[in-house]
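Report on the structure given below.
The values are calculated or read from the model by the stated rules, or taken from the named source; none is laboratory data. Because the structure is predicted, anything quoted here is derived from the model rather than measured. Positions of Cβ are backbone-derived with ideal geometry, glycine not excepted, and every protein chain shown enters the neighbour counts. Side chains are part of the model used for accessible areas, which takes the heavy atoms of the whole protein and leaves out ligands, DNA and RNA. Shrake-Rupley method; radii C 1.70, N 1.55, O 1.52, S 1.80 Å.
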Amino acid sequence: PIPDITGYCRRLPDAKVHAEEGEWDLIGGHLYKEGICGEVPEAEIPRHRGKKVLVGAFGVGKGKFLPATHPTHPGKEILRLVINAIPSNILQMTISGDIEALPLFTQWVTIELLAEEIVLLSSEDMRCAFYIFSLCRKWWKWFVLKTPVSARACGLDRDGVLWLGLRVVPMGWLSAVGVIQYLHRRLCLLPRPLGAGLDPSLELRRNVVPPKDEDGRHSKWWQLYVDNFAAGPGSSPA
């Protein structure tokens, strides 16, 4: 939904794609080929006071580097792709999703163990979580990157350029956390084979009383924090 923004957004903020022209064709073409971006006709790009609503992009170092023997980019640092979606965010209302289900670290102090017991913790992170969940076609136009790319760089046999829109949940979208948390929980709670079939009564989250076992102790639990899954003993299926 688009609220009436006349009173507080007279000028749409700018966002820049931080890449050289030739470099961006390489990056943008790869995003298109991998299905992270899709083509959005220029006529479909939303406008605010006549100005296209376009988002930016930049990279943040991950502290990891390509090997010195890499054929094209030896020793280059691997970057995390971040979308500067401020121009689009300012026109949207936040989708809170399952933000209220985000657990608090302080809830772990309620875990009660007997003297002979220890905590066995299993944990797993999704890799590139913000880029593996697809958005429906209607959302693409709200995340069109400011710098178009060559159609041929995208593997298409035609001249001209493509306006690329994010097809996935972009890191930088104000609703990303709520949406990812919701989708991750659905995957964990859905019965098998669609999901993991975890016991909902054992989920640790901020808006419910911590789960207790048959002895009235908080000893079995699992939790989700956006892309991270953690569980105590006996809380998740093998």
All but one of (1) free of Cβ contacts under 8 Å to residues at least 24 places away in the same chain; (2) open to solvent by less than 80 Å² (accessible area, probe 1.4 Å); (3) of a type in the set (Val, Ile, Thr); (4) within 30 Å of Arg47 (Cβ to Cβ) hold for Val161; state the number of the condition that does not hold. (2)
Consider Leu81 carefully, then state whether it is in contact (Cβ under 8 Å) with a residue 12 or more places away in the chain and loosely packed, with under 15 Cβ neighbours inside 10 Å. no
Could you tell me which numbered condition Val179 fails, if it satisfies all but one of (1) modelled with pLDDT of 95 or more; (2) open to solvent by 50 Å² or more (accessible area, probe 1.4 Å)? (2)
Scanning the stretch 213-234 residue by residue, the ones that are within 16 Å of Val119 (Cβ to Cβ) and either acidic (Asp, Glu) or out of contact with any strand residue (DSSP E or B) (no Cβ under 8 Å at 6 or more places or on another chain) (or both) total 7
Within the stretch 167-176, residues crowded, with 16+ Cβ neighbours inside 10 Å and under 14 Å from Asn89 (Cα atoms) come out as Val169, Pro170, Met171, Gly172, Trp173, Ser175, Ala176
In the stretch 22-61, what count of residues is obtained for those that are open to solvent by 80 Å² or more (accessible area, probe 1.4 Å) and over 12 Å from Lys146 (Cα atoms)? 9
Go through the residues of the stretch 166-183 one by one and say whether even a single one is touching a residue at least 24 places away in the same chain (Cβ under 8 Å), part of a strand (DSSP E or B), touching a Phe, Trp or Tyr at 6+ places or on another chain (Cβ under 8 Å) and not basic (Lys, Arg). yes
Within the stretch 110-129, is there a residue that is in a helix (DSSP H, G or I), open to solvent by less than 50 Å² (accessible area, probe 1.4 Å) and closer than 19 Å to Glu44 by Cβ? no
Looking at the structure I just gave you, is Ser88 in contact (Cβ under 8 Å) with a residue 24 or more places away in the chain and under 30 Å from Ala231 (Cβ atoms)? no
Looking only at residues in the stretch 192-223 that are within 23 Å of Ser96 (Cβ to Cβ), in a loop (DSSP other than H, G, I, E, B) and among the charged types (D, E, K, R), which one is least open to solvent (accessible area, probe 1.4 Å)? Arg205
Of all residues in the stretch 130-158, how many are open to solvent by 60 Å² or more (accessible area, probe 1.4 Å) and β-branched (Val, Ile, Thr)? 1
